Structure formats: C-alpha cells, structure tokens
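Undergrad: Structure below; questions to follow.
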Amino acid sequence: MHRLDDVQARELTLAAVGAINRRDHLWSSDAVRCLASDERTRVVAIDTCAAILLRGVPRGSLNPAARIPVDVPATRGDQASARAVGVASEVLSGLACGHDRRVAAVLETLTEDQQFDALLVLVRAAAAWVDAYVGVDGDTVDAYYAISKAEMT
C-alpha cells in the first residue's frame, strides 16, 4: 500500500468530510479506514478534523477540566458508538486545552478498530459542522471529487 504524506492525508480527510456531506458514507468509511491504518496519517486526520471543529478556539486556551461535546449519529453498536464519541470528545478536549500527552494517552489505549471508530466520529462531526455552519464547503467537496475519482490507496 502506498503511504500517504501529510498533504495527501489532509486532502483525504477533507475528502472524507466532503463524502459525508454528499451522502457517500461507504466511500468516507473506506477513506477513514485508510487514514486510521497509519499513526502519522491518523494524527494528520485528527488535526484536520480538530481544525474544523475547534475553529475560533485557540489551542491551549481552555481550562484542562473543559470538555468539548461531540454529537453524531451512531456509527456502530451502541456501546462501540458511545465509546467512540467519548474518545472523540476527549481528543478534542485535550487539543483545545493544549494537552497533547492527554490525547496521546487516550489514543494509545485503543485497538485499531476503536481508533477507526473515533476517527470516523471526528470526520462525521466535522461534516456536520461544515453542513450546519458553512453549507457544503468547497474545499471538502473538491477534495472528495478529486480523490474519489482516483483509485484510493
């Protein structure tokens, strides 16, 4: 499998967000699976989603006790979905508070499937944010169409 560089991982993340907004959930899930398979691309994807979800919140500006809620439709079974939403919330909260170690500690305890679920929640939350506050964002749609036409790596 071809390894993605940071720019490609960011574009694939934006494409996954755009795919959700274009109702292509299967393609988005495949893209997220690709992103979650490598630590570096997973970190880029999390950072890209956080940039969307934390827009206007300077990193490190929140009290460490602050918690950023994440609300998305269920991704799988209730327990797995609830855990993924909790992990996504903890990751966003850690980033907003400027605690990278907190984020790393959460992610390193997860299985590969749990990391995929949490990343999928972040992508879906980012898509919901874009849909609610911006409408379909040109960058995410352009990335989706450009990448979905090419063979996914």
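Undergrad: Would you kindly derive the ³J(HN,Hα) couplings of segment 30-46 from the backbone phi angles with the Karplus curve 6.51 cos²θ - 1.76 cosθ + 1.60 (θ = phi - 60°), listing them in order in whole Hz, with x for Gly and Pro?
TA: My calculation for segment 30-46 gives 5, 5, 5, 4, 5, 5, 6, 6, 10, 4, 5, 5, 4, 5, 4, 5, 4 Hz in order.
Undergrad: A follow-up question, please. Whole-Hz ³J(HN,Hα) for each residue in segment 96-105, computed from phi via Karplus 6.51 cos²θ - 1.76 cosθ + 1.60 with θ = phi - 60°, x for glycine and proline: what do you get?
TA: Values per residue, Gly and Pro as x: 5, 8, x, 10, 5, 5, 4, 5, 4, 5 Hz.
Undergrad: Could you sort 41-47, 53-59 so that the peptide with the highest average Cβ count within 10 Å comes first and the rest follow in order?
TA: Peptide ranking by packing, descending: 41-47, 53-59.
Undergrad: Roughly how big is segment 6-149's charge dipole about its Cα centre, with Cβ charges of +1 (Lys, Arg) and -1 (Asp, Glu), in debye to the nearest 20? Before the final figure, lay out the partial values.
TA: Numbers: 15 positive and 19 negative charges, 49 e Å.
The dipole of segment 6-149 has a size of about 240 debye.
Undergrad: Can you tell me the Rg and Dmax of segment 6-149, counting just the alpha carbons, in angstroms?
TA: Final numbers for Rg and Dmax: 13.9, 43 Å.
Undergrad: Please report Rg (one decimal) and Dmax (integer) in Å for the Cα set of segment 65-129.
TA: Answer for segment 65-129, Rg first and Dmax second: 11.1, 31 Å.
Undergrad: So if we plug the beta-carbon distance of Gln8 and Leu110 into 1/(1 + (r/R0)^6) with R0 = 22 Å, what FRET efficiency do we get, rounded to 0.05?
TA: The pair Gln8/Leu110 has a calculated efficiency of 0.40.
Bear in mind these aren't lab numbers, they're just calculated from the coordinates by the rules spelled out. Since the structure is predicted, the reported quantities are computational estimates derived from the model, not experimental observations. Quick reminder, even Gly has a Cβ in these numbers, built from the backbone with ideal geometry, and neighbours come from all protein chains shown.
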